[in-house]
Amino acid sequence: MFELSPSTGYNALAMKKNVKEPCDFCDGRLEPRHVTVDCRRGGALKVIEHVPALVCNHCGERYYSATTMKTMEAIAKGDRTRKRFIRVPVSKFEVVA
Ligand SMILES: [Zn+2]
């Protein structure tokens, strides 16, 4: 199992079948969208673009289907679908005046 960064709003639940169903965390409505997911695997960071998800229009929570989760895991494991590299700056959390 790979890990998604907290910033991606990872939700392991299977994608809700009814799009009109409200979010588990607020009263927002879920809309089908394509999102970018950051996943970490053994210290390596991979970015997967164009992932189908249901996104809450209020809190931004994302819901992925079980199939999508499996596909993301397979993509995170291998290099076959890699399109390009990006440079990512890494910062330490500290108070900036
Ligand atoms: Zn919500």
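The values are calculated or read from the model by the stated rules, or taken from the named source; none is laboratory data. Bear in mind the structure is a predicted one, so any value in this text is a computation, not a measurement. Reconstructed Cβ throughout: ideal geometry from the backbone, glycine too, with neighbour counts over all protein chains shown.
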- Query: Which of the residues spanning region 24-55 are under 13 Å from the mean Cα position of the chain (by Cα) and among the small types (Gly, Ala, Ser)?
  - Reply: 53
- Go through region 5-44 and count every residue that is away from the ligand (no atom under 16 Å from the Cβ) and either under 12 Å from residue 56 (Cβ atoms) or modelled with pLDDT of 50 or more (or both). 11
- Which residue pairs have Cβ atoms closer than 6 Å, lie 6 or more positions apart in sequence or on different chains, and pair a first residue in region 27-49 that is of a type in the set (Asp, Glu) with a second residue that is part of a loop (DSSP other than H, G, I, E, B) and more than 14 Å from the ligand (Cβ to nearest atom)? 38/5
- Task: Could you please let me know if residue 71 is of a type in the set (Val, Ile, Thr), within 27 Å of residue 26 (Cα to Cα) and either out of contact with any Cys (no Cβ under 9 Å at 6 or more places or on another chain) or without any contact (Cβ under 8 Å) to a residue 40 or more places away in the chain (or both)?
- Result: no
- Query: Hey, any hits in region 45-67 for a residue that's surrounded by 11 or more Cβ atoms within 10 Å (Cβ to Cβ), more than 13 Å from the ligand (Cβ to nearest atom) and among the polar types (S, T, N, Q)?
  - Reply: yes
